[in-house]
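Presented below is the structure to which this report refers.
The values are calculated or read from the model by the stated rules, or taken from the named source; none is laboratory data. Source: prediction; values computed, not measured. Here Cβ is always computed from backbone atoms with ideal geometry, including for glycine, and neighbour counts include all displayed protein chains.
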Amino acid sequence: MDTTPPRAAPNIPEFAVSEIAGAIRRTLEDAFGRVRVRGEITELKRYPSGHIYLSLKDENAKLEAVIWKTSVPRLAIKPENGVEVIATGKIGTYADRSKYQLVIDRLEYAGEGALLARIEKLRLRLLEEGLFAPERKRRLPVLPRVIGVVTSERGAVIQDIRTTIARRFPRRLILWPVPVQGQGAAEQIAAAIRGFGALPVDGPVPRPDVLIVARGGGSLEDLMAFNEEVVVRAAADCPIPLISAVGHETDTTLIDFASDRRAPTPTAAAEMAIPARADLLADLAQTEARLLQAGRSILDRARRRLMLAERGLPDLPGILGAMRQRLEDRGERLVVALPALLDRKRAALARVAPRLPHPREGIAARRAALGLLDQRAAAAMRRHLARGQAAPALARLSAAPVAALAREKRVRLEGLVARLEGVSYQSVLARGFALVSDAEGAPLTSAAAVPPGERLVLTFADGQVKATADGTKPARKRREAGEQGALL
């Protein structure tokens, strides 16, 4: 007998896969609600859906990341492989592949050192091409009739330029509004410069006599749109004399080298473009700037309240992005699965094919075997005929079906006999039962039909015994006594 005590149940809790995945996700989101990660962009891939997938790496590790298409237009820079950046976002999980990733909503260059090295490399290359040569510089007109401005329609830059021109000498001003920072800003600035240069001199929209490209001050990352190659080439190829006024006096961008004149501020650019006149609108410009600042403050406070309210709402873009990511993942796996299956089946067929015999070989072998058997049968028949043994052989062949039929009938008869013996009452008596009958031989089938003192005959398998009935017992007492059933 086994005396080993039963093993105790383990105390480790049991989780479903989805439960442990949800717990990991909540742990990561609680511990890293919003983070800033510094690293080099690698494995960047843009999907037709608009999402951007990439990885951030340093010398010791790599972190996968995703930028949903709703966040791409709000990026301050254009993500490129090999660029060191600081990504801001939150840590999320992708349960289908048991991995975590950084969901990026803000991207900026990592420090001025990397930016300055990139800018200096581009400056040397354009310098070798001659885009910054002094002989390419043109003189500004003394009194232009029309002044074109490329800048943002919001902010203080355009207001400063407009105010300065109106104060010094009112002239017609044409604004081409563009974003001055963020994703796609460089391309739109270059398109605005080329658009002004393509205007006809006597067209419905007059062509400017001088062009001002301006932006307010900011960090090096904020001014990166004016360090892009597309903007510098557009400024160098512009047929209109161009004044660059990007940032403050200490800020320098590559468009300053390609322009005809550089102004330390947008206001100074307006003063370069038009002759001096009395300063009549300074107070109005100052008041307007304060109103703009107050409006920004109101918008900032409303934006903060909206962000606080947003935290209580479900992350619908994140959920939708995860589902889209899962759909794209399934699509990629489906595209790869069918060719792989065909390759495996083709390889298996190639392994089996050499071992399969050709049908023609099998047919030929069967024909040869049949031919050999035919020859042997003909030879045997000839030998029997030659020895005079054909007649007895034919007799044996005719007697064989009769013997087989007799054997079949005998087996069937024996089966019927066995079934008949199985239902015979003699077989029941042989198993220990008895047949009870009265003195005349009539069978008794009920105890109530036997009066006391009745003469009984008990028939067993091996003979008969006579008995006298003493009386009947109740059915319960008979069951308790374990009465065996005699045949009634």
Within segment 11-59, the count of residues that are part of a loop (DSSP other than H, G, I, E, B) and within 15 Å of Glu84 (Cβ to Cβ) comes to 2
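Going through Leu75, Leu116, Leu107 one at a time, which residue ends up being surrounded by fewer than 17 Cβ atoms within 10 Å (Cβ to Cβ) and touching a residue at least 40 places away in the same chain (Cβ under 8 Å)? Let's see the steps before the verdict.
Values: Leu75 fails: surrounded by fewer than 17 Cβ atoms within 10 Å (Cβ to Cβ); Leu107 fails: surrounded by fewer than 17 Cβ atoms within 10 Å (Cβ to Cβ).
The conditions single out Leu116.
Could you please let me know if Ala364 is at pLDDT below 80 and either hydroxyl-bearing (Ser, Thr, Tyr) or closer than 30 Å to Glu153 by Cα (or both)? Give the steps one after another, and end with the answer.
Numbers: at pLDDT below 80: yes; either hydroxyl-bearing (Ser, Thr, Tyr) or closer than 30 Å to Glu153 by Cα (or both): no.
The answer is no for Ala364.
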Can you confirm whether Arg233 is surrounded by fewer than 23 Cβ atoms within 10 Å (Cβ to Cβ), of a type outside the set (Ser, Thr, Tyr), under 48 Å from the mean Cα position of the chain (by Cα) and over 22 Å from Glu288 (Cα atoms)? yes
Of the residues in segment 66-97, those that are closer than 11 Å to Ile41 by Cβ and either touching a helix residue (DSSP H, G or I) at 6+ places or on another chain (Cβ under 6 Å) or assigned by TED's automatic domain parsing to the domain that holds Leu327 (or both) come to Glu84
Counted residues in segment 239-255 being crowded, with 22+ Cβ neighbours inside 10 Å and either assigned to a loop (DSSP other than H, G, I, E, B) or not β-branched (Val, Ile, Thr) (or both) come to 6
In segment 34-65, anything small (Gly, Ala, Ser) and either touching a helix residue (DSSP H, G or I) at 6+ places or on another chain (Cβ under 9 Å) or more than 12 Å from Ile104 (Cα to Cα) (or both) is listed as Gly39, Ser49, Gly50, Ala61
Expected output for segment 246-268 (first residue in the same structural domain as Ala166 (by TED's automatic domain parsing), partner assigned to a helix (DSSP H, G or I) and polar (S, T, N, Q), Cβ below 9 Å, 6+ apart or cross-chain) is Thr253/Asn227; Leu254/Asn227; Ile255/Asn227; Pro266/Thr164; Thr267/Thr163; Thr267/Thr164; Ala268/Thr164
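Residue under question is Leu143, and the condition is that it be in contact with a helix residue (DSSP H, G or I) (Cβ under 8 Å, 6 or more places away or on another chain), assigned by TED's automatic domain parsing to the domain that holds Val205 and either under 19 Å from Glu229 (Cβ atoms) or modelled with pLDDT under 90 (or both); does it hold?
On the way: in contact with a helix residue (DSSP H, G or I) (Cβ under 8 Å, 6 or more places away or on another chain): no; assigned by TED's automatic domain parsing to the domain that holds Val205: yes; either under 19 Å from Glu229 (Cβ atoms) or modelled with pLDDT under 90 (or both): yes.
No: the conditions fail for Leu143.
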Taking segment 211-225 and keeping residues modelled with pLDDT of 90 or more and of a type in the set (A, V, I, L, M, F, W, C) leaves Leu211, Ile212, Val213, Ala214
Restricted to segment 192-210 and to residues being charged (D, E, K, R) and more than 24 Å from Thr267 (Cβ to Cβ), the residue modelled with the lowest pLDDT is Asp202
